[in-house]
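Remarks on the structure that follows.
The numbers here are math on the coordinates, done by the rules we state, and not lab data. Note that the structure is predicted; figures quoted are calculated from it, not measured. Because the Cβ atoms are built from the backbone with ideal geometry, glycine has one as well, and the counts that use them run over all protein chains shown.
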Amino acid sequence: MDQINALKGYGKVTHLELQLEDQLPPPSKPNFKIPNHKSLRLTIAISALVLTTLLIGLIIAASIYNSTGKKSPNSADAINIVCNVTRYPNSCFTSIISLNSSPEPDPELILKLSLQVSLNELSNLSRSLKTLTANGGGEALKDCESQIEDAISLVNDSTAEMESGAGEKTLTESKIGNIQTWMSSAMTDQQSCLDGLEEMDSTSFREVKTRMRKSNEYVSNCLAIVANIHVILEKFEMPLH
């Protein structure tokens, strides 16, 4: 086409060349459509839906992951974390998980439940000792029974120490110190009971030691939890409350 136009400029275009020019196809038009108002509105609506879905996903992700990027623990995870500071993590977890009805991870509540578990088991031990004493267990067994009663009283005091009124904290530095002292004494009471039976060569020694296994573990767990309560709360990014 350009050649023909160039020849036209020089007056040298033949009749045949003009015929060829007439046979050439017309230039093609751009193949695009201007969207109408309906399709434009539909595109905007779809884009808005996609953005909303992405935003909801981000909100859900933020609720699952805390500021450190770690998965927020549920109540079972929280019990595992707390029990890992104890000498008997398995007995700690299994004894508390069945009592925990709170969906929120709360180390202070877990300590309360651990105290309750200890109190229940010491009460069971006390009833067993009363039965053994009634069957003629001797003076050493009576002393043992008295020491376990003292341990029960100390755990009761520890449980009461965690009670709080309106506007009061469940735990303070003073309360932590008291509970730690009382639970340590409860541990000593149990050991003194066994030492007395062993020294007196009591026939009840092995039986009492077997019956005391759970209560000894539970009291030990309580003592470990309260002794490490600051470290535990830091893991949950919680203050004393």
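Once fully extended, how much extra length lies between ASP77 and HIS241, figured as 0.36 nm per residue of separation less the alpha-carbon to alpha-carbon distance? Mind showing how you got there, number by number?
On the way: separation 164, 0.36 × 164 = 59.04 nm, distance 2.01 nm.
Full extension of this stretch gives 57.0 nm more.
The aspartates and glutamates whose alpha-carbon is closer than 14 Å to the alpha-carbon of LYS209, local same-chain residues fewer than 8 away aside, are GLU121, GLU145, ASP189, ASP195, GLU198, GLU199, ASP201, GLU217.
Order of 110-120, 158-168 by packing, highest average Cβ count within 10 Å first?
Numbers: 110-120: 23.2, 158-168: 12.5.
Final packing ranking: 110-120, 158-168.
Label-to-label distance for ASN90 and SER146 is 3.8 nm, based on points extended 7 Å past Cα in the beta-carbon direction.
A simple rule links phi to the HN-Hα coupling: the Karplus curve 6.51 cos²θ - 1.76 cosθ + 1.60 with θ = phi - 60°, which for the range 104-114 gives 8, x, 9, x, 5, 5, 5, 4, 4, 5, 5 Hz, with x for Gly and Pro.
Descending by average beta-carbon neighbour count within 10 Å, the peptides 87-98, 218-229 line up as 218-229, 87-98, the highest first. Along the range 132-139 the Karplus relation, 6.51 cos²θ - 1.76 cosθ + 1.60 evaluated at θ = phi - 60°, assigns HN-Hα couplings of 5, 5, 5, 8, x, x, x, 5 Hz to successive residues, with x for each Gly and Pro. Fully extending the segment from ASP195 to ARG213, taken as 0.36 nm per residue of separation minus the present Cα-Cα distance, adds 5.0 nm. Local charge for LEU129 was computed over the other residues whose Cβ lies under 11 Å away, with Lys and Arg +1 and Asp and Glu -1, and equals 0. Whole-Hz Karplus values for the range 188-199 come out as 5, 4, 5, 5, 5, 4, 5, 4, x, 5, 5, 5 Hz, taken residue by residue from phi with 6.51 cos²θ - 1.76 cosθ + 1.60 and θ = phi - 60°; glycine and proline positions read x. Taking amide hydrogens as placed 1.01 Å from N in the peptide plane, the amide H of THR170 sits under 5 Å from those of HIS241, each at least 5 positions away in sequence or on another chain.
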